[in-house]
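The values are calculated or read from the model by the stated rules, or taken from the named source; none is laboratory data. Note that the structure is a prediction, hence the values are computed from the model and not measured. Counting neighbours? That spans all protein chains shown, and the Cβs are built from the backbone with ideal geometry, glycine included.
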Amino acid sequence: MTDVLLEIKNLGIEFKTGEGTVQPIRGVDFFLKKGETLGVVGESGSGKSVTSLTVLGLLPEKTSKIVSGSIHFEDEEITHYSDRQYRKLRGNDISMIFQEPMTSLNPVFTIGEQLSEPLKRHKKMSKKQREKAIVDVLKQVGIPRAEQIIDEYPHQLSGGMRQRVMISLALLCEPKLLICDEPTTALDVTIQAQILKLMKQVKQDKDMSMLFITHDLGVVAEMCDRVVVMYAGEIVEVAEINELFDNPLHPYTKGLLASLPTNNDRKSKLYSIKGQVPRPNEIGEGCAFANRCPFAFDKCYAKTPPAFSEGDHLSKCWLQQPEGR
Amino acid sequence: MNATEVMDDQINKKTSKVKNFFRKLSRSWTGMLGFGIIVLLLFLSIFGEWIAPYDPMDAPLSKGLLPPMTDGHILGTDQLGRDILSRIIVGARVSVIIGVATAVLAGLIGTIVGVIAGYFRGWVDVVLMRIVDVTLSFPFILLVLVINAIIGTGLTNIIISLAVAGWVIFARVIRSEVLALREKEFITAAIATGVSKFEILVRHILPNIFTPIIILASLQIGTYIIAEASVSFLGFGVQPPEPAWGNMLNEGKDYIFSSWWLITFPGIAIIITALGVNFFGDWLRDTLDPDLKGE
């Protein structure tokens, strides 16, 4: 399979905590094709960010461990990479955009200094070439007076500007894969729309693949080709974007969609899924969503459902078992 | 932009930095006072020997214990007839050297230990911090005296003793700064662009703790000057006849009831110096601390 850029198979991660170990990620499987934008959706605590950090090898070494599975990037297994091999990957082949633009830039360096970091590391360029490349990329992401901004410090920029700088930082080495961990959550809605539009355009221009992590289904609809829905450290549903919105199979996805506010009819109350995501140490046998699921029956509590597929549409729910209940 | 313009630009940047410093300094009278005292102190420690009206070691015994303002001795003379003003002026050098050298040495050791403990954590952290705890559990002066008694007196040894007893405060503060920094998102972001651990430490964490190091060092200098005076007063440290404020106090204490000026003026010199350094350190903290500065 040459058109698959990133493939995660049966990934399981273990965290050491004060009260023993927990598994925030269990049996996660998905793949990302070249040029595709894959959305990863889920509530807080569903394991979206942990998954993305794992791809870059950014989990804390002392307290976390990959207990099962593999991650293939360009047909190469990367979970066993050494620190040195990872460093070659980071910022060069795979870049990441973080959630908080306000804290993701080092306050003591100018924008220019920060942006020259990945270039110094991964590309052989003279100082002049670097400066030109930086100004170019800053202009690409729509920063006015790019020549002056490179001499300014992060605190002199607004949140939207800083996120643009973060995006340009991620784009500098023209990575094959861009991981975006809720890149617009900390921004207000108008800026959010601008940034999303910008990212979409940049992705097309550079022919990158994107792993887009968010809890916002509206953003997913805007950005993604395919969607992975995660719940409590597991994937519960994978589908094409239109298929997911038109024909959600898993009760959790249905709940998420129902809880979106709509323009057309003003409901007096927003729908919410009852209960909370279980903590990783509370998950036992059976479907993790069963205790919040309106359709749960005996089997759901007894046995963890496998993935049932209907073409490209996967869902982990006993309701989808072909022979019915 | 041609070459000269570029140069002009750089010069302008430099002068505007200096200007900015004085503009900020002029807003606080304590900062100005502290800065003035430090400048005076530095001046005395460099040019003291030429400014002093008399040779500080010259002891005409017939002129012993003259009160202030007699016979051309503004602050009087001590039991050996040495001019007290001259001895205070020349003694400033000892205080400055000890204050600055100790702060640099203690700051260096403390920063290295603090950064290693804070960044690498684990058993290294546990071992280093227990050493710090044990050291901190001794009274500072007592520890300095013990070390000084072991390694001997003299200027170099007093600096070493003060630094060995004093680095722990730096280590504590720096460790906690590093602990807070390493969890910051920009550090993760830097790792995500492929920066190695060592470079994270040197290029991203060190510049961020520079401010607390400078502030702490400037505040500690006052402590070290007083500690040196105390140690010299107790007969360790800088040995007579070399003029130092602390041993002037020590020598003058026998005459405290008959000739008050022997111990009053060096005492005042110590107080002014400690106050000045602390004023300046406080001002520096208020100016550099981003939490207080406001954006």
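When restricted to residues that are more than 19 Å from B:G194 (Cα to Cα), part of a loop (DSSP other than H, G, I, E, B), more than 8 Å from every other protein chain (Cβ to nearest Cβ) and not acidic (D, E), the range A:47-99 contains 2. Of all residues in the range A:10-36, those that are more than 20 Å from A:S68 (Cβ to Cβ) have Cβ atoms under 8 Å from Cβ atoms of residues that are surrounded by 15 or more Cβ atoms within 10 Å (Cβ to Cβ) and basic (K, R), 6 or more apart or on another chain, in A:K34/A:K176; A:E36/A:R226.
Against the conditions (1) of a type outside the set (S, T, Y); (2) at pLDDT 85 or above; (3) touching a helix residue (DSSP H, G or I) at 6+ places or on another chain (Cβ under 7 Å), B:K24 satisfies every one except (2).
List the helices (runs of 4 or more DSSP H) that sit entirely inside the range B:108-225 and contain at least 1 residues that are within 27 Å of B:F279 (Cα to Cα) and acidic (D, E). Hits in the range B:108-225: B:155-182.
Total residues in the range A:135-166 satisfying the condition of being surrounded by fewer than 17 Cβ atoms within 10 Å (Cβ to Cβ) and away from chain B (no Cβ under 14 Å): the figure is 4.
Condition first: at pLDDT below 75 and touching a strand residue (DSSP E or B) at 6+ places or on another chain (Cβ under 9 Å). Now tell me which residues in the range A:252-280 satisfy that.
Start the filter on the range A:252-280 by keeping residues that are at pLDDT below 75, which leaves A:262-268, A:280.
Within the range A:252-280, A:P280 is the sole residue that qualifies.
When A:L32, A:L11, A:L38, A:L6 are checked against the criterion of being surrounded by 19 or more Cβ atoms within 10 Å (Cβ to Cβ), in a strand (DSSP E or B), at pLDDT 85 or above and in contact with a His (Cβ under 9 Å, 6 or more places away or on another chain), A:L6 stands alone in meeting it.
Let's see how each residue does on (1) assigned by TED's automatic domain parsing to the domain that holds A:L187; (2) more than 16 Å from A:L171 (Cβ to Cβ):
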| site | (1), (2) |
| --- | --- |
| A:H80 | yes, yes |
| A:D83 | yes, yes |
| A:Q99 | no, yes |
| A:M102 | no, yes |
| A:E113 | no, yes |
| A:P118 | no, no |
| A:R121 | no, no |
| A:S126 | no, yes |
| A:K132 | no, no |
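Does the range B:101-120 hold any residues that are within 14 Å of another protein chain (Cβ to nearest Cβ) and without any contact (Cβ under 8 Å) to a residue 12 or more places away in the chain, and which are they?
Within the range B:101-120, B:F120 is the sole residue that qualifies.
Apart from one condition, A:D207 fits all of (1) in contact (Cβ under 8 Å) with a residue 40 or more places away in the chain; (2) within 13 Å of chain B (Cβ to nearest Cβ); the exception is (2).
Looking only at residues of the range A:278-307 that are farther than 19 Å from A:G47 by Cα and among the basic types (K, R), we find that the one that is surrounded by the fewest Cβ atoms within 10 Å (Cβ to Cβ) is A:K303. When A:L270, A:L256 are checked against the criterion of being exposed (fewer than 11 other Cβ atoms within 10 Å of the Cβ) and of a type in the set (A, V, I, L, M, F, W, C), A:L270 stands alone in meeting it. Among the residues making up the range B:171-197, those that are of a type outside the set (S, T, Y), out of contact with any Leu (no Cβ under 8 Å at 6 or more places or on another chain) and within 11 Å of chain A (Cβ to nearest Cβ) are B:L181, B:R182, B:E183, B:K184, B:E185, B:A190, B:V195, B:K197. Among the residues here, A:K16 qualifies as within 14 Å of chain B (Cβ to nearest Cβ), surrounded by fewer than 19 Cβ atoms within 10 Å (Cβ to Cβ), farther than 23 Å from B:H204 by Cα and not acidic (D, E). Looking at the range A:100-134, which of the residues that are under 20 Å from A:M199 (Cβ atoms) and more than 12 Å from every other protein chain (Cβ to nearest Cβ) is surrounded by the fewest Cβ atoms within 10 Å (Cβ to Cβ)? That would be A:A133. Within the range B:44-70, the only residue that satisfies the criterion of being loosely packed, with under 15 Cβ neighbours inside 10 Å, part of a helix (DSSP H, G or I) and among the polar types (S, T, N, Q) is B:S62.
Only residues that are charged (D, E, K, R), more than 11 Å from A:H250 (Cα to Cα) and touching a residue at least 12 places away in the same chain (Cβ under 8 Å) were counted in the range A:291-325, giving 6. Against the list (1) more than 16 Å from B:V100 (Cβ to Cβ); (2) surrounded by fewer than 22 Cβ atoms within 10 Å (Cβ to Cβ); (3) within 14 Å of another protein chain (Cβ to nearest Cβ), the condition B:F257 fails is (3). Taken over the range B:239-295, residues that are at pLDDT 85 or above and acidic (D, E) amount to 3.
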